[in-house]
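Worksheet: the structure to be examined is printed underneath.
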Amino acid sequence: MATMVRRFLPLHLLVALIATSLFALNAQSAERPPNIVFILADDLGYGDVGAFGQLKIRTPNIDRLAAEGMMLTQHYAGNAVCAPSRSVLMTGQDPGHTYIRTNRGMATGGISVVGRPEIEGQFPIRDEDVTLAEVLHDAGYTTGGFGKWGLGGPDSTGAPLRQGFDRWFGYNGQAVAHNFYPTYLWDDDKTISLDNPAFSAHDTFRDDEDPTDPASYKRFQGNVYSADLISDEVLAFIRKSQDQPFFVYWASTVPHVALQVPDDSLAEYLGGWEDPPYPGGKGYIPHFKPRAAYAAMITRMDRDVGRAMDLVEELGLSDNTIFVFTSDNGPTHGTHEGLAGTDSIFFNSHGGLREGKGSLYEGGMRVPTIVRWPAQVAPGTSSPVVSGFEDWLPTFASVADVSDTVHDVNGIDILPTLVGKKQVARDLLYREFPSYRGQQTIRVGEWKAVRQNLMPPKGTEVVIKTELYHVATDITESHDVAAKHPELVAHLEKLMREHRTPSDEFPFPTLDLESAK
């Protein structure tokens, strides 16, 4: 018995040892910067999730993020379409300064019989461009990117593994990402083959196929749904990286067309409302129940968001993990019912905002945004602070305590907003888009100036007209009050001229001439 007693520490020493261990554990937790899971939906509108007013599509997990965190009600995507918006997010520079300013692709050869182009990818960001992933990687984070890239082909300077990511899984180029049943995906710097038939996401019915027969639509479905594989890889990365700070960039392809979703998810919405077939012919493959498909795609994505939340909880990392959920731009064809099979009017996808994807009116760039960080962000809160994609790089640098390494950005640190402290107001929020006929906008306080048709069709005269909206009281941008405030219009025009930097790669002739004066 005496021998057994000597094996145990005296009670006071045991208590001291436990206290020391707990102190060391708490100190380690305090020293470790928070994990970051940044979820970027693709073409999801301001009103497409329940927390932001959606009534038809079920998003319980995204809504739970909002209930447990903060909604940013005036958050702006980097631009009105994919690549330039993501360039703003990755570089912290707004569209007047970031390198990528349109969706210019580098792909050649189209989608071949094996389901891939000869060369793929978008115009690449440069070696000297400092990305959010690089900033966090250098701060000691393990960095993983999943989903759709769109900032440079696999052999270019813009490849994700050359821009700060330790891990990449998903699509590289946008054209391949239009198909949720591709024949391959990128796994780091190599491709893996998927058991899917090769077909184009822009295909349509043959003359011998009957658009009224549901069986005719089965040809546009595969066996392996890419969004499922991508979410599985996200979870695997989180589990593998749990012992060190990690950054997950989860760039989902949902709900970008083509409309494609597995039958088990589609069944959740069948019969819920009138849902005439989309027979194709407007840019993307047909779908027999397009409204149900759109809703099911979003609900399936929501399910995967919930899986990630549950895993982080299981690993004991919830308090020290920041979840951000947002979208790269507004919904597809926000004012044109039925194009590409989508119906944003039926779902009120733009949440009452003007227009949608491709437009610098509010519906094209104000996006649903939620931040959950239980240790710091008060649950069930919202903020009307004007913020944008350029703000995430300086904000996460602040979170990681490496703000001194960040230079030449247009974004501001919005950490004070997130943690309930006083936020220094931004001077302005600027957007330009040398595509879709050419657009420019600036927001200063409650006022927003908009200019359209700055790159009209060849042979058409450019007529420069500045519209002015008081967005605080006119969220739908229905009342142009430029004529009532000429001095304010002149001031905003001056700011737009002075703020931007012309680009050799992405010329914007009308604005470039103005900036040169």
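The values are calculated or read from the model by the stated rules, or taken from the named source; none is laboratory data. Small disclaimer: the values here were computed from a predicted structure and weren't measured. Every residue, glycine as well, gets a Cβ built from its backbone with ideal geometry; the counts of neighbours run over all protein chains shown. Accessible surface is based on the protein model in full, side chains and every heavy atom, while ligands, DNA and RNA are left aside. Shrake-Rupley method; radii C 1.70, N 1.55, O 1.52, S 1.80 Å.
One chain, two ends: Leu488 and Ser382. Fully extended at 0.36 nm per residue, the span grows by 35.2 nm beyond their Cα-Cα distance. Between Ala425 and Glu274, how high is the FRET efficiency from 1/(1 + (r/R0)^6) when r is the Cβ-Cβ distance and R₀ = 35 Å? Nearest 0.05. Using R0 = 35 Å, I get an efficiency of 0.15.
With both labels modelled 7 Å from their Cα along Cα-to-Cβ, the Leu339 to Arg126 distance reads 3.4 nm. From its DSSP helices (H runs of at least four residues, each -39,500 (n - 2.57)), the chain gives a residue-normalised ellipticity at 222 nm of -8000 deg cm²/dmol. Sorting the segments 342-350, 142-150, 196-204 by their mean number of nearby beta carbons within 10 angstrom, highest to lowest, gives 142-150, 342-350, 196-204.
Expressed in nm to one decimal, what extension gain is obtained for the pair Asp408 and Asp187 from 0.36 nm per residue of sequence separation less their Cα-Cα distance?
76.4 nm
A dipole drawn for the chain from +1 and -1 charges on Cβ atoms has a positive end, and of Val88, Val386, Gly170 the residue lying farthest that way is Val386.
Measuring nothing but how far apart in sequence close Cα pairs (under 8 Å, 6+ apart) lie, relative to its length, the stretch 342-409 scores a relative contact order of 13 percent. Using the Cβ-Cβ distance between Asp480 and Thr73 with R0 set to 25 Å, the FRET efficiency works out to roughly 0.60. Each of Gly356, Ala340, Ala295 was scored by the projection of its Cα onto the charge dipole of the stretch 275-368, and the greatest displacement toward the positive side belongs to Ala340; charges sit on the C-beta of Lys, Arg, Asp and Glu. Taking label positions 7 Å along the Cα-Cβ direction at both Thr501 and Asp203, the computed distance is 4.5 nm, reported to one decimal.
Residue order by solvent-accessible surface for Val462, Val324 is Val462, Val324, largest first, with ligands and nucleic acids left out and a 1.4 Å probe.
Counted residue by residue at 0.36 nm each, then reduced by the alpha carbon distance between them, the extension gain from Ala516 to Lys56 reaches 160.6 nm.
Applying 1/(1 + (r/R0)^6) with r as the Cβ-Cβ distance of Glu313 and Glu31 and R0 = 25 angstrom yields a FRET efficiency of 0.70.
Among 495-505, 152-162, 245-255, 360-370, how do they line up by average Cβ neighbours within 10 Å per residue, starting with the highest? Don't skip to the end; give the middle numbers.
Working: 495-505: 14.8, 152-162: 20.8, 245-255: 25.4, 360-370: 28.1.
In descending order of packing, they fall as 360-370, 245-255, 152-162, 495-505.
Rounded to the nearest 20, the Cβ-based charge dipole of the chain about its Cα centre (Lys and Arg +1, Asp and Glu -1) stands at 740 debye.
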